[in-house]
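The values are calculated or read from the model by the stated rules, or taken from the named source; none is laboratory data. Here the structure is a predicted model, which is why all the values come from computation and not from measurement. Neighbour counts are summed over all protein chains in view; Cβ atoms, including those assigned to glycine, are modelled from backbone coordinates with ideal geometry. The protein model used for the area step is the full one, side chains on, heavy atoms only, and it has no ligands, DNA or RNA in it. Shrake-Rupley method; radii C 1.70, N 1.55, O 1.52, S 1.80 Å.
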Amino acid sequence: MDYKIFRGINRLAGRYSVLDMLMILISNKVRYLFAFVLMLMWFRGYSQRKVTVYAVISATFTLLINMLIQCFYFKPRPFMKRRVGILIPSKMNSAFLSKHTLLTTAVANSIFLHERVLGLVMWGLSLLTGFSRIWVGHHYPSDIIRSLFVGSLTSIMVKKIFGSLKIMNRKKKKMLCSNT
């Protein structure tokens, strides 16, 4: 099933040059747009800065999770086992998980948890990133779905952990202030 869905998407690669260029652009460059959005948010005020910090921590944790998984599990990329359309060169590392999709999802979900409208736009770009990784021949759909799940879960956990730490800090400050 995974290969059939992959094949249905990837066989379109090479047929429409405008779409190919768009998918290559999304696959390679959208992550820089995410970094730019985070920089803009950093300079917009304290609450936006907090979202940026959560997003960076989430992205860092997703990369660490990915590195850990790659130490123990290897899944060949589609072009390593089969003849598929490949639009851009790729490393010969594991297809499980998609690092591009992990990063964009962790950032998009971190933003979405605080700002729904911008978060939805970022989520759309994250989904497009995952789709483009299939289009260019680098990942199976299951790799993308798992990456979306791990990136989302990581950002939710970061918000819960760091949000609870903030609450605990407030309680400590209140206790210290009431004792004096």
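Assorted remarks:
- Flag for Val51 being surrounded by fewer than 16 Cβ atoms within 10 Å (Cβ to Cβ), within 19 Å of the chain's Cα centre (by Cα), farther than 20 Å from Arg146 by Cα and of a type outside the set (Lys, Arg): no
- Within segment 36-48, the set of residues being open to solvent by 50 Å² or more (accessible area, probe 1.4 Å) and either more than 22 Å from Ile161 (Cα to Cα) or of a type outside the set (Ser, Thr, Tyr) (or both) comprises Phe36, Met39, Leu40, Trp42, Phe43, Arg44.
- Against the test of being surrounded by fewer than 18 Cβ atoms within 10 Å (Cβ to Cβ) and part of a helix (DSSP H, G or I), the options Leu12, Leu19 yield a single qualifying residue, Leu19.
- Filter result for Val84 (over 19 Å from the mean Cα position of the chain (by Cα), touching a residue at least 40 places away in the same chain (Cβ under 8 Å) and surrounded by 18 or more Cβ atoms within 10 Å (Cβ to Cβ)): yes
- Thr60 meets all of the listed conditions (1) touching a residue at least 60 places away in the same chain (Cβ under 8 Å); (2) exposed (fewer than 15 other Cβ atoms within 10 Å of the Cβ); (3) of a type outside the set (Asp, Glu); (4) not in a loop (DSSP other than H, G, I, E, B) but one, namely (1).
- Contact map, segment 125-154: first residue at positive phi, second residue open to solvent by 10 Å² or more (accessible area, probe 1.4 Å) and not aromatic (Phe, Trp, Tyr), Cβ cut-off under 6 Å, separation 6 or more or different chains; pairs are Gly137/Val84; Gly137/Gly85; Gly137/Ile86.
- Residue that is farthest from Phe79 (Cα to Cα), among those in segment 102-135 that are buried (at least 24 other Cβ atoms within 10 Å of the Cβ) and β-branched (Val, Ile, Thr): Ile111
- Identity of the residue in segment 136-147, of a type in the set (Ser, Thr, Tyr) and open to solvent by less than 20 Å² (accessible area, probe 1.4 Å), that ends up modelled with the highest pLDDT: Ser147
- Residue in segment 148-156 that is open to solvent by 50 Å² or more (accessible area, probe 1.4 Å), β-branched (Val, Ile, Thr) and over 12 Å from Ser98 (Cβ atoms) present: yes
- Qualifying residue in segment 71-80 (condition: within 15 Å of the chain's Cα centre (by Cα), without any contact (Cβ under 8 Å) to a residue 60 or more places away in the chain and more than 16 Å from Leu128 (Cα to Cα)): no
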